[in-house]
Structure formats: C-alpha cells, structure tokens
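Undergrad: I'd like to ask some things about the structure below.
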Amino acid sequence: MAEIKFEIEKELGKISESSKGWTKELNLISWNGNEAKYDLRDWAPEHEKMGKGITLSLDELKQLKKLLIELGI
C-alpha cells in the first residue's frame, strides 16, 4: 500500500476531545500534494495518527452548511 502524505495547511477548530486525548478537528489539508480540502476526522495528540474522516471541497462544505441551516441545526 502506498504511503499517504498530508500537510495540515490550517487548523480551523477542535470539535471534541476524547478521554484518551484524541481530538475531532476541522482542518484544511493537502493530501498527496493535491489542492487542500476541508477535512473532518479524529487525530491523536501531536497529529501522529489519524482516524477515518471525511474530506470536502469548498462547494461541498457550503452545501453541507446550507443543509444544516435548512434542518435548523
């Protein structure tokens, strides 16, 4: 399996933290040298490990915001 390379270009915010120190964060991340996208996932302290997550383009993030507003969230 090929190594996945990433660069956190901007840490946008922490959503929650587990008792083991892992945090759910929204960040702007470049994966494998591609254009940065919005990324929501769990991270170990110091970002040395990551959990599964979801990556969204700016248009997808705007659509998600629109859906959440329509749901009254």
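The values are calculated or read from the model by the stated rules, or taken from the named source; none is laboratory data. Worth saying up front: this structure is predicted, and the values here are computed from it rather than measured. Reconstructed Cβ throughout: ideal geometry from the backbone, glycine too, with neighbour counts over all protein chains shown.
Undergrad: With the structure loaded, tell me whether Lys14 is of a type outside the set (Val, Ile, Thr), surrounded by 10 or more Cβ atoms within 10 Å (Cβ to Cβ), at pLDDT 95 or above and more than 11 Å from the chain's Cα centre (by Cα) or whether it fails that test.
TA: no
A quick yes/no check of all residues on (1) of a type outside the set (A, V, I, L, M); (2) at negative phi; (3) in contact with a helix residue (DSSP H, G or I) (Cβ under 9 Å, 6 or more places away or on another chain); (4) touching a residue at least 60 places away in the same chain (Cβ under 8 Å):
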residue: Ile4; (1), (2), (3), (4): no, yes, no, no
residue: Glu7; (1), (2), (3), (4): yes, yes, no, no
residue: Ser16; (1), (2), (3), (4): yes, yes, no, no
residue: Trp22; (1), (2), (3), (4): yes, yes, yes, no
residue: Ile29; (1), (2), (3), (4): no, yes, no, no
residue: Asn32; (1), (2), (3), (4): yes, no, no, no
residue: Ala36; (1), (2), (3), (4): no, yes, no, no
residue: Asp39; (1), (2), (3), (4): yes, yes, no, no
residue: Asp42; (1), (2), (3), (4): yes, yes, no, no
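Undergrad: From the list Lys20, Lys10, Lys65, Lys14, exactly one residue is assigned to a loop (DSSP other than H, G, I, E, B) and of a type in the set (Lys, Arg). Which is it?
TA: Exactly one of Lys20, Lys10, Lys65, Lys14 is assigned to a loop (DSSP other than H, G, I, E, B) and of a type in the set (Lys, Arg), namely Lys20.
Undergrad: Identify, please: which residue in the stretch 27-52 is surrounded by fewer than 16 Cβ atoms within 10 Å (Cβ to Cβ) and assigned to a strand (DSSP E or B) and is, among those, nearest to the chain's Cα centre (by Cα)?
TA: Residue satisfying both the conditions and the ranking: Leu28.
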